[in-house]
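Working notes, beginning with the structure itself.
A short reminder: the numbers here are calculations on the coordinates, not readings from a lab. Every value quoted in this text rests on a predicted model; they were computed, and no experiment measured them. Please note: Cβ atoms are built from the backbone with ideal geometry, for glycine as well, and neighbour counts cover all protein chains shown.
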Amino acid sequence: MEAADPRATDVEELLAPLRRDPGSSAVFCDIDGTLAPIVERAGDAAVPAEARSLLRALAQRYALVGCLSGRAAEDARRLVGVEELAYIGNHGFERLVPGAAEPEPDPALAGSERVAYEFLARLDPDELASLGLRTENKGPIQALHWRGAADESAAEDAPAEEAPAEDAPAEDAPAEEEPAAEETPAEEPPPSQD
């Protein structure tokens, strides 16, 4: 497949190489804010029927069509509702290919599944709450959400300023054999699927 001219400014000109060779092309779309409008509560997000129809048509024409999301790949598939697409979830850390029942984790995570949990466990939950930060356990990902905080800039900068320098695991970190989905600390609010 030929590459698009990097100086091209017209969308038609940029897409021309993909259209000429759809059997060797891939199309990926972000979900929240692109296919589904941003909403106050992640659970209220919806992909319009017209977008679903267009995605199905793209999947019939192109070698690979997929959706990217910070949500779990299975949640992304449910939200979009098009089984024949690939779903890249948890900010790229899991892949759910068409026809698969469960997502596969990115092999790059091997041996590092607990790092994010241990980082978050060292932060002061009262300080995070006072800044308007919400936490969410996404298995190997521990999300800190600041959207909706009274001072979003301060909330965004807080974890980096507050994190202890030591790399020792948190005392209350779950045992290695526990599945990642059960690593939610008791005081943590239920997952928001942002």
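For region 8-105, give the magnitude of the charge dipole about the Cα centre (Cβ charges: +1 Lys/Arg, -1 Asp/Glu; no others), in debye to the nearest 20.
220
By count of other Cβ within 10 Å, fewest leading, how are 32, 44 ordered?
Ascending Cβ contact count within 10 Å gives the list 44, 32.
Sorted from fewest to most neighbouring beta carbons within 10 Å, what does the list 9, 34, 135 look like?
Numbers: 9 7, 34 14, 135 21.
The most exposed by this proxy come first: 9, 34, 135.
Restrict the search to region 1-84; then list the trypsin sites (Lys or Arg not before Pro) that DSSP places in a loop and that have at most 14 other Cβ atoms within 10 Å of their Cβ.
When the trypsin sites (Lys or Arg not before Pro) of region 1-84 are filtered for loop state and at most 14 Cβ neighbours within 10 Å, 7, 41 remain.
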